[in-house]
1. Which of these, MET77, MET38, MET89, has the largest mean-square fluctuation under a Gaussian network model of the chain (Cα springs below 10 Å)?
2. For GLU40, GLU12, which order do you get if you count the other beta carbons within 10 Å of each Cβ and list the fewest first?
3. On a 0 to 90 degree scale, rounded to 10, what angle separates helix 73-98 from the longest Cα axis of the chain?
4. What is the Cα convex hull volume of the chain when expressed per residue in Å³?
5. Between the helical axis of 8-28 and the dominant principal axis of the chain, each derived from Cα atoms, what acute angle in degrees is found, rounded to the nearest 10?
6. Sort LEU51, LEU20 so the one with the fewest other Cβ atoms within 10 Å of its own Cβ comes first.
7. Looking only at GLU80, GLU23, GLU44, which one moves most when the chain is put into a Gaussian network model with springs between Cα atoms under 10 Å?
8. How much length, in nm to one decimal, is gained on full extension between THR19 and GLN5, taken as 0.36 nm per residue of separation minus their Cα-Cα distance?
Amino acid sequence: MLPPQMEPQQVERLINKATLEIEENLSRGVNFDDHPTMAELHYERAQMYVLSKQYDLAIEDYTACLDYDPYFYDADMGREYVYMTIKEMDKMTTKTAAA
């Protein structure tokens, strides 16, 4: 489920915070015990990317989340939501171009 609407500046701050935490974890080396944390960080950042309509980045983070935790149901559903959103946008663009 997507978080409630937020101000663009707040979304950007949360993206930057998650990015910093991901980079810090990667720089010290990620082991198996870190997988739940990394999955959650990628999931949270993906949610923010969806709110800011950065769908390609959201898909990348949902996929990274699932790489760390293949059973992360919300990440799987979030990624499917983005795929459906992109498909609907493509349909609208095609209809507009044909008109």
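1. MET89
2. Numbers: GLU40 17, GLU12 13.
If I rank by nearby Cβ atoms, fewest first, I get GLU12, GLU40.
3. With both axes taken from Cα atoms, the answer is about 30 degrees.
4. Details: hull volume 10.0 nm³, N = 99.
Once divided by residue count, the hull of the chain is 101 Å³.
5. Tilt relative to the chain: about 40 degrees.
6. Fewest to most other Cβ atoms nearby, the residues stand as LEU20, LEU51.
7. Looking only at GLU80, GLU23, GLU44, the biggest GNM fluctuation is shown by GLU23.
8. Details: separation 14, 0.36 × 14 = 5.04 nm, distance 2.02 nm.
Full extension of this stretch gives 3.0 nm more.
Just so you know, all these numbers are worked out from the coordinates, no wet-lab data involved. Being a predicted model, the structure only gives us computed values, none of them experimental. Virtual Cβ from ideal backbone geometry, glycine too; neighbours counted across all protein chains shown.
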